[in-house]
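Comments concern the structure below.
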Amino acid sequence: MIGRVPHESRPIPILTAPTAAGKSALALDAARAAGAEIVSADAFTVYRGLDIGTAKPDAAERAQVPHHLIDVADVTEPFDVARFVTLAEAAIRDILARGRTPLVVGGTGFYLQGLMSGLPQTPPSDPQLRAQVEAELEARGLDALLAEIAATDPAEAARLERNPRRVVRAVEVYRRAGRYPGAFGRSEPAFTYAPIAFTRAPQELESRVHARTLEMFRRGWAPEAAWLAERLDPALEPRPTAWQTLGYREALAVARGTLGVPEAAAQITLATRQYAKRQLTFIRTQLRAPLLSPDEAARHLTRHLAR
C-alpha cells in the first residue's frame, strides 16, 4: 500500500486521453495495483442514471477501486467547472487524509484545467443579461453567437468548443465587462498535478469508438436516452448540460424509431472523432502534456503512483 506521503511533497497524477482510448481500463489496473482511489474528471458521469451512454464504470469496477465524483448530481441539475473543482479538491483532501493516493482520471479538458490552473475569476452572472443572450441563442443560433465572439477574439471562440452554455456565458461577460472569460485571472490551485496523456492511432481510435457505440446500443442506450427525455426536455435552449453528452440525441432518435442503430452509430462515431480531435488539441495546448502511447502512459502512471 502506498500514498502516505503528504500531498505537498509530490504532484497528484492525472490520466487523460481522448474518448474511447481506454483511459478508464488503464486507470483501473494501475489504481488497483497501487491501492489508489480514482477521482473522475468527466462532465457527464456525474449524473445519476446516465450509465450506458457515458461509459460509466460499473458496480464491479467501482467495488475494486473507490471512485469519486460519480453519480453526484441529478440530470435536471446544471453542473459546471466550479462545482467540479470544489468537489474534486474535497475528495482529494479526504483521500490524502486517509493515507491513500488520489488519481484524477478523465477527458473533460476544462475540468482538468480548472484543477491544474485554478478557476477563472470572472464576474458573477447577471440573470437578466444572461436571459437576453439565451434568447438570442434560440433566435439566431449558436453559429451566429460564435461568429460574434470570433470577430473580436478568434482564440476565445475556439476555446469554447461550441459548448452552448459556455458561449452564452462568454457573450454575457463580454457585454458586461468588455472582456471574455479567458481574459480574467484564475484562482490559486489547491494542489499541484502531473498530467499523463496518451492516444492511439486515428484509425484504431475510430474503430474503438464505433465498436463501443454498438455495444452501448446492445446494452440499452436507446431506452436510457428515452428515460432522460422523460425527465428533461431535449428541446430546451440553451441545451441542458445532460443533453450535451455525445450520442444521446441519436440514441433518443433510435428509441423513437426515427433512426436505425447503424445510422446512429455512424453519426455518433463521426461526432466522437471530431470531439477527440478537440480533446487532443486541448491536451497539447492547454494542459501542455506530451502525448504518449498507452504502454508509455501505463509505465509513467505506475512510476508516479509508486513514489
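Assign unit charges at the C-beta atoms only (+1 for Lys and Arg, -1 for Asp and Glu), then state the dipole size of the range 203-278 relative to its Cα centre in Debye, rounded to the nearest 20.
For this selection, approximately 180 debye.
Set the Förster distance to 35 Å, then compute FRET efficiency between Glu215 and Asp74 from the Cβ-Cβ distance, nearest 0.05.
After rounding, the FRET efficiency stands at 0.85.
Taking the number of other C-beta atoms within 10 Å as the exposure measure, put Arg278, Arg159 in order starting with the fewest.
By the 10 Å Cβ count, ascending, the order reads Arg278, Arg159.
Quick query: amide H of Leu292 versus all other amide H atoms, modeled in the peptide plane; which residues come in under 5 Å with a sequence gap of 5 or more or a different chain?
Residues meeting the criterion, in which the H sits 1.01 Å from N, are Ala197, Phe198, Thr199.
Does the range 169-263 classify as rounded, prolate or oblate by the C-alpha gyration tensor (a ≥ b ≥ c root eigenvalues; a/c under 1.5 gives rounded; else a/b over b/c gives prolate, otherwise oblate)?
It is oblate, given that a/c is not under 1.5 and a/b is not larger than b/c.
Hey, what number do you get for the chain at 222 nm if only DSSP H runs of n ≥ 4 count, each worth -39500 (n - 2.57), divided across all residues, to the nearest 500?
Computed ellipticity for the chain at 222 nm equals -16500 deg cm²/dmol.
Would you grab the residues whose amide H sits under 5 Å from the one on Arg307? Only those 5+ places off in sequence or on another chain, please, with H modelled 1.01 Å from N.
Correct list: empty.
Please compute the net charge surrounding Leu87, taking Lys and Arg as +1 and Asp and Glu as -1 over other residues with Cβ under 13 Å from its Cβ.
-4
Treat every Asp and Glu Cβ in the chain as -1 and every Lys and Arg Cβ as +1, leave all other atoms uncharged, and give the resulting dipole magnitude about the Cα centre to the nearest 20 debye.
Once rounded to the nearest 20, the dipole reads 840 debye.
Ala150 to Thr281: extension gain in nm, 0.36 nm per residue of separation minus the Cα-Cα distance?
Full extension of this stretch gives 45.3 nm more.
Find how much the distance from Ala59 to Arg231 grows on full extension, using 0.36 nm per residue of separation minus their present alpha carbon separation; answer in nm with one decimal.
59.5 nm
Which one of Pro78, Ala27, Thr45 is farthest out on the positive end of the charge dipole of the range 24-95, using unit charges on Cβ (Lys, Arg +1; Asp, Glu -1) and the Cα centre as origin?
Working it through, the farthest residue towards the positive pole turns out to be Ala27.
Report the antiparallel proportion of the DSSP beta bridges in the range 1-150 as a percent, rounded to a multiple of 5.
Antiparallel bridges make up about 0 percent of those DSSP assigns within the range 1-150.
State the answer as a single residue: which of Thr272, Pro240, Thr258 lies farthest towards the positive end of the charge dipole of the range 239-298, with beta carbon charges of +1 for Lys and Arg and -1 for Asp and Glu, about the Cα centre.
Working it through, the farthest residue towards the positive pole turns out to be Pro240.
Rounded, prolate or oblate for the range 15-84? Axes are the square roots of the Cα gyration tensor eigenvalues, ordered a ≥ b ≥ c, and the cut-off for rounded is a/c under 1.5.
It is prolate, given that a/c is not under 1.5 and a/b is the larger ratio.
For the range 13-54, rounded, prolate or oblate, judged on the Cα gyration tensor with a ≥ b ≥ c (square roots of eigenvalues), a/c < 1.5 rounded, else prolate if a/b > b/c?
Prolate.
Given 0.36 nm per residue, what is the gain on full extension from Asp29 to Arg303 after removing their alpha carbon distance, in nm?
97.3 nm
Cα centroid distance between the range 128-185 and the range 285-305, in Å?
Comparing the Cα centres of the range 128-185 and the range 285-305, I get a distance of 33 Å.
Read-outs throughout are calculated quantities, based only on the coordinates presented, and are distinct from any laboratory measurement. Since the structure is predicted, the reported quantities are computational estimates derived from the model, not experimental observations. Ideal geometry is used to build each Cβ from the backbone, glycine not excepted, and the neighbour counts take in all protein chains shown.
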